[in-house]
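Asker: Below are the structure tokens for one structure; questions will follow.
The values are calculated or read from the model by the stated rules, or taken from the named source; none is laboratory data. What you are looking at is a predicted structure, and each value in this text was computed from that prediction instead of being measured. Every residue, glycine as well, gets a Cβ built from its backbone with ideal geometry; the counts of neighbours run over all protein chains shown. Quick note on the areas: whole protein, heavy atoms, side chains included, nothing else; ligands and nucleic acids left out. Shrake-Rupley method; radii C 1.70, N 1.55, O 1.52, S 1.80 Å.
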Amino acid sequence: MQFNTSIAGIALATPICNASGVMCTTDEQLSQLAFDPTIGGIFTKSCTIEKRVGNPYPRYFAATASSPSINSMGLPNAGIDYYIESAKRFGHIKPVFLSVAGLTLQENMDIIKRIDENDNSMISGIELNLSCPNVPGKPQIAYDFDAIDETLRRVFEIHHSSKLPLGVKLPPYFDPIHFEHVADLLKQHPVKWVTCINSVGNGLVIDPIHETTVIFPKSGLGGLGGAAIKATALANVYAFRRLLPFGIDVIGCGGITRGMDIFEHILCGAQAVQIGTLMQDQGLSAVQKCLTEFNHIMTLKKYTSLDDFRGKLNVVEQQTEIDAARDPSCYFEVRSRKNIFP
Ligand code: DHB
């Protein structure tokens, strides 16, 4: 089975990466990703210029069968210089992408300048995070379309002569007009990939037993992850794959808990996937299991490479009302509405 793929032309041995934020803040964590053959590429923790301790605890709560994960970490990170050094340690093992999340446009430019002016030969690319939902008083850049444009314009003014590919991490969008508007903006800049999606921002998970929120920052609001967000993630991957030219890759992120979820993301057009909540809650062994399941699915379907099915999702055939009434998946809906088969 051929699992190999690429992001912005950078070769990956498998399509599975960590989602930035998970197992990627310290070199000890990064080395686990580097030496695990399931992981095709590494994304470092979104960083600022200086190191940060992040928000007060509790700031993460794991997913359950009936609720998403929720996080409000507040960008705890070791600072850009640390991750530039991490890439020197691990970049010869597999691709390392640095995630950048300055608190201001100027800080984003300063971080990118720092990367460009350093020895960056072991860095495969930069993922500019336009969608961190968790810093009090700092709205998500990517929900302000003028701010996306301004950010990319200023960033590429300083980054244009660099050979390092730059992609962006987007938040979920929920309206086709927004997909189109953001895609039109992105096309005007030399963005090499989009990662869809960051967590669903500012959700609320509560503990009804103790009648409390489950995390402390922002009165309990935080970014949602896990199986509950898969449908939203797939919609974003599918929309951006169709709207963007093929020179811009789409990385799928959101709701992957089993091999079939990886298959679905790639079917919607993902070039690779990132796994967050599952890796955070259940560790690398759960991610390894996903790859094994994904292998079985490809085998059953007689696919030998990701190109055999990537982006090949079809829209289901239209049915007449009678067809729909005979289709068990629609049966109850139609029967209860129309009483065709009393
Ligand atoms: C954090 C969360 C995010 O979703 C993100 O994109 C960046 C940072 C955080 O809380 O640390």
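Asker: Hey, could you check region 17-40 for residues that are within 20 Å of Leu170 (Cβ to Cβ) and outside any loop (DSSP other than H, G, I, E, B) and say which is farthest from the ligand (Cβ to nearest atom)?
Answerer: For region 17-40, the residue satisfying everything is Cys17.
Asker: If you don't mind, there's one more thing I want to ask. Need pairs with beta-carbon distance below 7 Å; first residue acidic (Asp, Glu) and outside any loop (DSSP other than H, G, I, E, B) and within region 89-115, second within 16 Å of the ligand (Cβ to nearest atom) and open to solvent by 20 Å² or more (accessible area, probe 1.4 Å); sequence gap 6+ or separate chains.
Answerer: Glu107/Ile49; Asp110/Ile49
Asker: Taking region 1-16 on its own, how many of its residues are in a loop (DSSP other than H, G, I, E, B), open to solvent by 60 Å² or more (accessible area, probe 1.4 Å) and aliphatic (A, V, I, L, M)?
Answerer: 2
Asker: Here is a follow-up. So which residues in region 143-168 are in a loop (DSSP other than H, G, I, E, B) and either closer than 27 Å to Gly203 by Cβ or out of contact with any Lys or Arg (no Cβ under 8 Å at 6 or more places or on another chain) (or both), if there are any at all?
Answerer: Asp144, His160, Ser161, Ser162, Lys163, Leu164
Asker: Could you tell me which residue of region 43-98 is farthest from the ligand (Cβ to nearest atom), considering only residues that are of a type in the set (S, T, N, Q) and surrounded by fewer than 24 Cβ atoms within 10 Å (Cβ to Cβ)?
Answerer: Looking at residues that are of a type in the set (S, T, N, Q) and surrounded by fewer than 24 Cβ atoms within 10 Å (Cβ to Cβ), I get Ser66.
Asker: Collect the residues in region 292-328 that are assigned to a helix (DSSP H, G or I) and at pLDDT below 95, keeping them in residue-number order.
Answerer: Correct list: Glu321, Ile322, Asp323, Ala324, Ala325, Arg326, Pro328.
Asker: Would you point out the residue of region 146-173, among those that are of a type in the set (S, T, N, Q) and open to solvent by less than 50 Å² (accessible area, probe 1.4 Å), that is nearest to the ligand (Cβ to nearest atom)?
Answerer: Filtering first and then ranking leaves Thr151.
Asker: Checking Tyr143 against (1) open to solvent by less than 70 Å² (accessible area, probe 1.4 Å); (2) at pLDDT 95 or above; (3) among the hydroxyl-bearing types (Ser, Thr, Tyr), which test does it fail?
Answerer: Checking Tyr143 against (1) open to solvent by less than 70 Å² (accessible area, probe 1.4 Å); (2) at pLDDT 95 or above; (3) among the hydroxyl-bearing types (Ser, Thr, Tyr), the one that fails is (1).
Asker: So which residues in region 130-140 are open to solvent by less than 20 Å² (accessible area, probe 1.4 Å), in contact with a helix residue (DSSP H, G or I) (Cβ under 8 Å, 6 or more places away or on another chain) and farther than 12 Å from Val200 by Cα?
Answerer: Within region 130-140, Leu130 is the sole residue that qualifies.
Asker: Right, something else. Using beta carbons and a limit of 9 Å, which pairs, at least six apart or on different chains, have the first residue in region 236-258 and closer than 19 Å to Phe97 by Cβ and the second one part of a strand (DSSP E or B) and open to solvent by 20 Å² or more (accessible area, probe 1.4 Å)?
Answerer: Cβ pairs passing all conditions: Asp249/Ser6; Gly254/Val200.
Asker: With the condition being open to solvent by 20 Å² or more (accessible area, probe 1.4 Å) and either over 18 Å from Phe309 (Cβ atoms) or polar (S, T, N, Q) (or both), I'd like the strands (runs of 3 or more DSSP E) fully within region 182-291 carrying at least 1 qualifying residues.
Answerer: Hits in region 182-291: 200-204, 221-225.
Asker: Pick from Arg242, Arg258: which is basic (Lys, Arg) and touching a Cys at 6+ places or on another chain (Cβ under 9 Å)?
Answerer: The conditions single out Arg258.
Asker: Another question, if that's okay. Just to be sure, is Leu300 surrounded by fewer than 22 Cβ atoms within 10 Å (Cβ to Cβ) and more than 24 Å from Leu75 (Cβ to Cβ)?
Answerer: Yes.
Asker: Between a residue in region 120-142 that is in contact (Cβ under 8 Å) with a residue 12 or more places away in the chain and assigned to a loop (DSSP other than H, G, I, E, B) and any residue that is of a type in the set (Ser, Thr, Tyr) and more than 14 Å from the ligand (Cβ to nearest atom), which pairs come within a Cβ distance under 7 Å, given they are 6 or more apart or on different chains?
Answerer: Once the first residue is in contact (Cβ under 8 Å) with a residue 12 or more places away in the chain and assigned to a loop (DSSP other than H, G, I, E, B) and sits in region 120-142, its partners that are of a type in the set (Ser, Thr, Tyr) and more than 14 Å from the ligand (Cβ to nearest atom) give Leu130/Thr151.
Asker: If we scan region 194-201, do we find a residue that is more than 14 Å from the ligand (Cβ to nearest atom), of a type in the set (Val, Ile, Thr) and either in contact (Cβ under 8 Å) with a residue 60 or more places away in the chain or in contact with a Cys (Cβ under 7 Å, 6 or more places away or on another chain) (or both)?
Answerer: No, because not a single residue in region 194-201 is more than 14 Å from the ligand (Cβ to nearest atom), of a type in the set (Val, Ile, Thr) and either in contact (Cβ under 8 Å) with a residue 60 or more places away in the chain or in contact with a Cys (Cβ under 7 Å, 6 or more places away or on another chain) (or both).
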